Amino acid sequence: MPHTIRLINATLYTPEHTAATEITFRDGRIVAIGERPDIEADATYDAQNAIVTPGLIDSLVHGGGGAATMDASHDSVYRIAESHARFGTTAICCGLSAAPMDYLTKVVDAIGEVAQNPSDTGSRVLGVYVEGKFGTPSKRGAHAKEHLGKPTVEAFKTLWKASRETIRIFSYAIEEDGGLELTRHLAERQDEYRNVVPTMGHTNADYDLACRAIDAGIRRATHTLNAMTPMHHRNLGVAEATLDDPRVFAEIIGDGLHVHPTWARLIMRLKGSGNAALITDALFAAALSSDQVSTTFERDEASSSLVTREGRRVFLRDGALFLPDGTLAGSRITLNDAVRNAVAWGASVEDAVRLSTQSPARNLSLSRKGELRPGYDADIAVFDADWNPLAVFVEGREIVNCLPRLS
Ligand SMILES: [Zn+2]
């Protein structure tokens, strides 16, 4: 594979739209934006005026390509990373579901192993997103009640060690026993825990407690409005605190089902594109074509449900997965779908790109990702006008490339 690659005739978003039309990268890093005839390229591709963005960063995926993080297998994590990369996502955090602690330690070990040993063919696995396990029963969503646990410092430390210190986001119900103590613990030890983000999620806390938790160090809200205290004009809760307080970074599941497009638009407007991120919350059935779904899963014709390899029954409807009782269980989208949706809902392309690149990178303290800038990782996605990937590079490695080669 050539060392130095150049894309020309590119419409660059970095994340501001720039008049420059060329980007050159070498050995995994961006070396130049704009025309640089002094740097010889080994290969030059014509982007044909397509949209070129930093690789998308999906902070929360549970699966993809038929594999699930909860398989507790590094092969599954590699498969998830490969499946999302084909759609322009160049970095992911792998989310958990509620399960017994001894099983979760195996799950986070597999994710940590892949985070430490990236493949050449997939998205960079940034680490673990712990969620669900430490939710409150009334806001557990699709997570099994019997496997919920308390968000204690001890529980965090167990998973931190088992994950090989790769937990990036730790989410919990702040009202559960240990929640505030854990928040203070994480906030005081940001160096030791590599800027892990203390996050509130699957929570039914009231507004006063949410404010106290934010004062104590909460900096992010898991899938805003989903599995959260319902909004009310007098009795406020976590949602209002998230929307109001600039210290809290808000996630938006961008499938148009988990959050109504009007609410997605309001969250984007209230938080600003610099303080929110689009996520997929993607399950195993994401990043698969309809044909692949039917060959990967057993279909129960009588109920039009799909039976997973684990024997779990799920329903596929409008790009999302539902449990038999109607609970939304996660999405089937990839992050390019969320970007397309955000633009359709009224976001500018600049804002939609920022929400899926620079903003999550900054919240996760990724110093070389999320922007097209010399010195940054060559995480680059090229999209057609409908946000379908034409080319994807992860740290300079070609994952997809349909662009014509000029030299
Ligand atoms: Zn969740």
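Worth a mention:
- Identity of the residue in the range 82-122, of a type in the set (Gly, Ala, Ser) and within 24 Å of Leu328 (Cβ to Cβ), that ends up nearest to the chain's Cα centre (by Cα): Gly95
- Tally of residues being small (Gly, Ala, Ser) and more than 14 Å from Thr199 (Cβ to Cβ) across the range 233-253: 2
- On the stretch given as the range 126-158, residues that are of a type in the set (A, V, I, L, M), more than 11 Å from the ligand (Cβ to nearest atom) and surrounded by fewer than 22 Cβ atoms within 10 Å (Cβ to Cβ) total 4.
- Checklist (1) within 16 Å of the ligand (Cβ to nearest atom); (2) under 19 Å from the mean Cα position of the chain (by Cα) applied to Met268, failing item: (1)
- Within the option set Ala385, Ala378, Ala347, Ala302, being more than 16 Å from the ligand (Cβ to nearest atom), modelled with pLDDT of 95 or more and assigned by TED's automatic domain parsing to the domain that holds Arg86 holds for one residue only, Ala347.
- Residue in the range 212-237 that is farthest from the ligand (Cβ to nearest atom), counting only those that are buried (at least 18 other Cβ atoms within 10 Å of the Cβ) and not in a loop (DSSP other than H, G, I, E, B): Ala216
- Selection of the range 251-266 for residues being of a type in the set (A, V, I, L, M) and surrounded by 23 or more Cβ atoms within 10 Å (Cβ to Cβ) yields Ile252, Ile253, Ala264.
The values are calculated or read from the model by the stated rules, or taken from the named source; none is laboratory data. Note that the structure is a prediction, hence the values are computed from the model and not measured. So basically every Cβ, Gly included, is an ideal-geometry build from the backbone, and we count neighbours across all protein chains shown.
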